[in-house]
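Report on the following structure.
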Amino acid sequence: MDGISDVAVGVKRGSDELSMYNSPNSGMSSVSDGASNGSDSKKLRVEEAPPSRVLHIRKLPNEASETEVIALGLPFGKVTNILTLKGKNQAFLEMGTEEAAITMVNYYTTVTPHVRNVPVFIQYSNHKELKTDAGNQRTQAVLQAVSAVQSGGSPSSDVQEALAAASSPVLRIIIDNMFYPVTLDVLQQIFSKFGTVMKIITFTKNNQFQALLQFSDPVNAQQAKLALDGQNIYNSCCTLRIDFSKLVNLNVKYNNDKSRDYTRPELPAGDGQPSIDPTVAAAFSKDSNSLLGKIPGALNPLSAAAAAAAAAGRVALAGQAGSSGVLLVSNLNEEMVTPQSLFTLFGVYGDVQRVKILYNKKDSALIQMSDANQAQLAMSHLNGQKMYGKIIRVTLSKHQTVALPRDGLDDQGLTKDYANSPLHRFKKPGSKNFQNIFPPSATLHLSNIPQDVTEEDLRLLFSNAGGTVKAFKFFQDRKMALIQMSTVEEAIQALIDLHNYNMGGNQHLRVSFSKSTI
């Protein structure tokens with residue numbers, strides 16, 4: 001062990017093991033970096049303790065967490081215990097074997113260990129093992145999570161991050177490429193393979209469908225994250241992105257299609273929302289090539305469109321008793337909203353058949369989609385978005401259809417039938433529009449642009465819709481472009497106003513949300 005004298009390895013015998021090096025002159029570099037300072041670096045003359053699987057770590061920064069200390073030992077083998085002495089900026093780390101501890105000390109002899117960019121000192125301890133309170137749940141959870149990571153293979157660079165919240169039983173789940181609706185029941189079905197799911201809350205944030213899911217044990221959360229992060233729920237779409245939540249307990253007030261506490265079935269549904277129909281989840285679960293099937297992760301290279309179409313077929317076959325394709329939209333701006341504006345916005349996520357703005361409650365409307373899946377998709381993407389300056393609320397309605405006014409009755413144009421509209425985006429089975437369903441975003445995708453239309457023309461057109469154009473980019477053939485507005489709300493407004501806009505020569509502009517940024 002050449003050069004060991006350059007490192008603080010070794011220890012005085014006896015009870016002052018923890019208080020040594022507290023003198024002000026001990027803040028020296030822990031290792032000589034070659035000839036430049038090798039000769040003049042001060043040497044610590046301390047007795048060397050014999051190798052032990054317990055390591056003494058000093059000079060930790062105040063805010064260092066247990067997980068960061070554990071991360072120092074992870075690359076060398078199993079970590080079996082930890083004791084942190086917060087007041088003294090010290091910790092003891094117990095490795096599974098003496099060999100692992102020796103390897104670790106030898107390595108950190110040549111490479112200075114850092115925690116939060118602060119160099120720390122590592123040496124053998126006089127203790128041969130750590131006797132700590134095994135009832136310390138947090139420490140045990142962290143250590144169990146570590147062993148879960150290690151049994152899954154060699155530690156990766158993000159192990160430290162993965163462990164940073166490993167004591168939490170709550171996962172934060174984001175779903176990318178959500179071409180098809182993912183319901184609370186679907187999540188429960190997938191995640192319960194890893195342990196008891198106690199609570200789930202779903203919501204839309206940053207234009208993405210997200211969920212918080214609480215297991216009964218942090219170890220289950222760790223295992224689910226390891227197994228499912230990056231997996232697709234359905235073939236080629238609905239990709240899970242999983243992190244630990246900073247929350248350790250979820251507070252669920254209602255049992256409905258947005259939130260569920262499986263430990264308290266007596267909770268009210270709230271807001272009159274029905275629970276989502278289990279037949280939907282059951283229908284999806286028949287797909288053996290998806291995460292809901294028998295072989296998690298064994299995915300067919302089906303295109304997203306085919307997957308979506310296939311899923312639509314399966315769900316329709318399942319006969320959806322109790323779940324309808326009708327949405328109730330509330331908190332609308334009644335001065336501004338029209339059936340046409342709702343048809344255009346909701347038409348991004350499915351083929352709108354009918355729209356009825358309620359005669360006695362003009363800030364609410366019923367929208368009938370082609371089927372329950374389109375309704376679910378529109379709800380998950382549009383609930384909580386801003387339309388005409390107001391945050392709209394979208395829920396599943398108990399109505400099965402939207403009734404047209406009786407013959408001869410004038411309802412002031414509040415009800416419109418769009419069953420035969422030429423503007424439906426999803427009429428053709430397997431249409432590429434299925435692959436381009438994205439959450440509302442500030443960047444819009446434009447297509448069907450006439451050859452003679454310039455960037456300036458389009459910037460002007462979209463500025464006149466009441467927004468600020470931040471960026472613009474033509475595709476190579478100039479028939480398509482991306483245009484970025486300053487907010488999602490402005491982009492929603494521009495899509496409502498300008499989708500199907502006549503650009504002259506009977507060429508109508510097509511506008512949709514984009515996943516790209518410029």
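The values are calculated or read from the model by the stated rules, or taken from the named source; none is laboratory data. Since we're looking at a predicted model, the values are computed, not measured. Neighbour counts are summed over all protein chains in view; Cβ atoms, including those assigned to glycine, are modelled from backbone coordinates with ideal geometry. Remember, those area values only see protein heavy atoms, side chains included, never the ligands or the DNA or RNA. Shrake-Rupley method; radii C 1.70, N 1.55, O 1.52, S 1.80 Å.
Heavy-atom accessible surface of the stretch 417-495, averaged per residue, reaches 51 Å², computed with a 1.4 Å probe. Mind jotting down the distance between the C-alpha centroids of the stretch 482-515 and the stretch 393-429, whole Å? Rounded to whole Å, the Cα centres lie 23 Å apart.
Around the Cα centre of the stretch 61-100, unit charges on the Cβ atoms of Lys, Arg, Asp and Glu (plus for the first two, minus for the last two) sum to a dipole of about 120 debye. Placing a label point 7 Å from the Cα of residue 427 along the Cα-to-Cβ line, the residues of the stretch 334-363 whose backbone N sits under 13 Å from it are 351-352.
Based only on Cα atoms, what mean projected area does the convex hull of the stretch 188-269 have, in nm²?
Details: hull surface 23.2 nm².
About 5.8 nm², averaged over all directions.
Pairs of Lys residues in the stretch 408-518 that lie 8 or more places apart, or on two chains, and have C-alpha atoms under 23 angstrom apart add up to 13.
For 461, 482, give me the order by solvent-accessible area with a 1.4 Å probe, most accessible first, ignoring ligands, DNA and RNA. Each step should come with its number before you reach the end.
Numbers: 461 30, 482 10 Å².
The ranking, largest first, comes out as 461, 482.
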